[in-house]
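Reviewing the structure listed below.
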């Protein structure tokens, strides 16, 4: 029954991730609910979310909606932020994570429900691309490496509000940044989990 539950959860969360993002709001509570340790649950959720995000990113790229050259600064900043977030996640005590995760999930859920409707046409940017990608690349990369759920939605809101992108373009670029931070933070999470396991076995 647990395997069936995980299969259905993965199927549903992966579909949500591929369409709009936010599948972690579905899979992470289930993983924690069946007793998976927080650090392992984060890593598992990260790997699962990457699958749907990769498929969506590839589709957007094939349709000519993504120019990787124009977002290179954001990718580098996201890389640094994601590694920092993944390391910070492993420094925190598991008991502390158990206490704060439900509140973080509730905040992200409420934000997703009550977030404003986004524009379907471009408008004038409110800040330069360079500053935007440095600031949001690092901060949202850190968040994705540390926690994750809702990162794609945050990227869409930021790209639309600050750079003036329409909803389709914002969603396309959000997939790129989300995939970038997930791909970078996952190996970091996995390697540190392995170190924790070896240390505990040694004890």
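Restricting attention to the range 119-153, and to residues there that are over 19 Å from residue 71 (Cβ atoms) and surrounded by 14 or more Cβ atoms within 10 Å (Cβ to Cβ), which single residue is modelled with the lowest pLDDT?
119
Determine whether residue 46 is surrounded by 12 or more Cβ atoms within 10 Å (Cβ to Cβ), part of a helix (DSSP H, G or I) and modelled with pLDDT under 80.
yes
On the given criteria, is residue 70 surrounded by fewer than 15 Cβ atoms within 10 Å (Cβ to Cβ), in contact (Cβ under 8 Å) with a residue 12 or more places away in the chain and within 28 Å of residue 134 (Cα to Cα)?
Here the answer is yes, as residue 70 does meet what is asked.
Criterion first (out of contact with any strand residue (DSSP E or B) (no Cβ under 6 Å at 6 or more places or on another chain), crowded, with 23+ Cβ neighbours inside 10 Å and outside any loop (DSSP other than H, G, I, E, B)) does residue 175 satisfy it?
So residue 175 fits the description; yes.
Residue 164: at pLDDT below 85 and surrounded by 13 or more Cβ atoms within 10 Å (Cβ to Cβ), yes or no?
Here the answer is no, as residue 164 does not meet what is asked.
Can you name the number of the only condition in (1) at pLDDT below 85; (2) surrounded by 23 or more Cβ atoms within 10 Å (Cβ to Cβ); (3) within 21 Å of residue 57 (Cα to Cα) that residue 189 fails?
(3)
The values are calculated or read from the model by the stated rules, or taken from the named source; none is laboratory data. None of these values were measured; they are calculated from a predicted model. Cβ sites come from the backbone with ideal geometry, for glycine too, and all protein chains shown count toward neighbours.
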